[in-house]
Amino acid sequence: MSKIDIFNERTIEGCLAAPGSKWRRHPPDVIPMFVADPDFPVADEIKDALIKSVREEDLFYNTDVEIREAMADKITATNKFNATYEDILITQGVSPGMWLAIRHACKEDGDEVVVTNPMYGPFSSAVRATKTKALIWNLDFEDGYRFDIDALKELITPKTKLIFVCNPHNPTGRMMTKEDLKGIADVAVDKNIEVFCDELHEDITFDGRKHISIASLNPEIEALTMTSWGFSKTFGVAGLQVGYMCSTNKETMDDVRVQSRSAQRGTSTLSKAAAPVMLSSALDWWREGLLVHMHKIRDIVYKRFDEIEGVSYPKLEGTYLHFPKFDYGMTSNELLEYLVKEGKIGPSSGTGFGTNGEGHLRFCIATSEVILNEALDRLERALNKLKR
Ligand SMILES: Cc1ncc(COP(=O)(O)O)c(C=O)c1O
């Protein structure tokens, strides 16, 4: 068995027997595809690091300087801007970074945050939780989810303090080009607006596309940017709850630490034990194998969706989140309910990502071929019944 067969290892029975909430949200006869949590086993290297840390009883208070150093080295080498451990805050996954970024950037009543529509839901939740105001930057499926910089410029007012960027973008699967990023960076620098960039899906890119970090474009945008990464998508370890946020602007990072201090204390010693392995070249085989597997999966998905009438979809440039639109005269929620009940397949409703998600469903396609084929058979059968 070649090492990358690991991505095809899981069966429906295997997933049902494994821990985790994904396969427990619906009854066991439903294949869940709603959450961006892959159906892959955990790499031995990660398990070994965790077991070793428990054996060594690394369960007391401990410092995180060494792992922040490893994170800084990765950022400098991979994300192409120079970071030191002092520029990094360890967070419980990537999501807390959204709230922290607003707490830092928006200090006055009525301050505004740019959010794309559609966008991963917790961005909007963070705006609501902080009682700031969302400025909606619409992305249009018919327009290829183009990042229209003129439309962004029109939104900006003197109260706009933060732009939320998600790249690769969940749920559209778009990866921002250098031009897209430069367009956003120029607006931010021109108007002195800070940027929070979620790059959690940076490893999952298609057709040789290279992920570019907005902070790497020039020193001016680097100074205005907070960027977050994590491990949950690449390695299927959301339960470790570890992410890292970086700003090389000392004033920004000092303030973000103040905001964060009362609410969270980094992460656990277990996560700290696993992080260096996940940052190192020891898992390059996994990153490479995952991409080979996901290209294969993506091509199966395209082929099968092309055979189904009334479905169109954006081409996947990054992430393993497929976001098709269904022309079946049903809302996203209605179609989802039908698919769960009758089709025994559970994607997520497009409207969870904003009003522009209406008509769409989002499928996490990070699974084995055997599960994927069964899910696609079920989807096709269920949709065929609607046509009659
Ligand atoms: C774009 C994006 N950001 C953040 C998250 C949350 O990740 P974590 O659990 O690592 O905080 C997800 C999860 O799907 C995501 O897709």
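Please treat every number below as a calculation from the coordinates, not as lab data. As the structure is a prediction and not an experimental result, all values here were calculated from the model. Methodologically, a virtual Cβ is constructed for each residue, glycine included, from the backbone with ideal geometry; neighbour enumeration extends over all protein chains shown.
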Region 19-57 residues near the modelled ASP377 label - backbone nitrogen below 17 Å, point 7 Å along Cα→Cβ
29-32
Can you list which of the trypsin sites (Lys or Arg not before Pro) found in region 309-385 are DSSP loop residues with at most 15 other C-beta atoms within 10 Å?
LYS315
Proxy reagent accessibility, fewest Cβ within 10 Å first, across SER280, SER268
SER280, SER268
Full extension between ILE149 and ILE308 adds, at 0.36 nm per residue less the Cα distance, a length in nm of 53.8 nm
Sorted from fewest to most neighbouring beta carbons within 10 Å, what does the list HIS104, HIS295, HIS211, HIS201 look like?
HIS295, HIS211, HIS104, HIS201
Unsatisfied cross-links (Cα-Cα over 26 Å) in the set LYS303/LYS387; LYS22/LYS133; LYS133/LYS153; LYS80/LYS107; LYS22/LYS210:
LYS22/LYS133; LYS80/LYS107; LYS22/LYS210
Express in % the proportion of alpha carbon pairs of the chain at distances exceeding 39 Å.
16
Could you list the residues of region 1-34 with an amide nitrogen less than 14 Å from a label point located 7 Å from the Cα of TRP285 in the Cα-to-C-beta direction?
1-7
Just the number, please: Stokes-Einstein D of region 60-280 in µm²/s, Kirkwood Rh from C-alpha pairs, 20 °C, 1.002 mPa s.
123
So which GluC sites (Glu not before Pro) in region 329-382 are both in a DSSP loop and have at most 16 other Cβ atoms within 10 Å of their Cβ?
GLU358
For region 14-69, listing chymotrypsin sites (Phe, Trp or Tyr not before Pro) in a DSSP loop whose Cβ sees at most 15 other Cβ atoms within 10 Å gives PHE60, TYR61
Given C-alpha coordinates of region 314-363, what is the ratio Rg to Rh with the Kirkwood estimate of Rh?
0.96
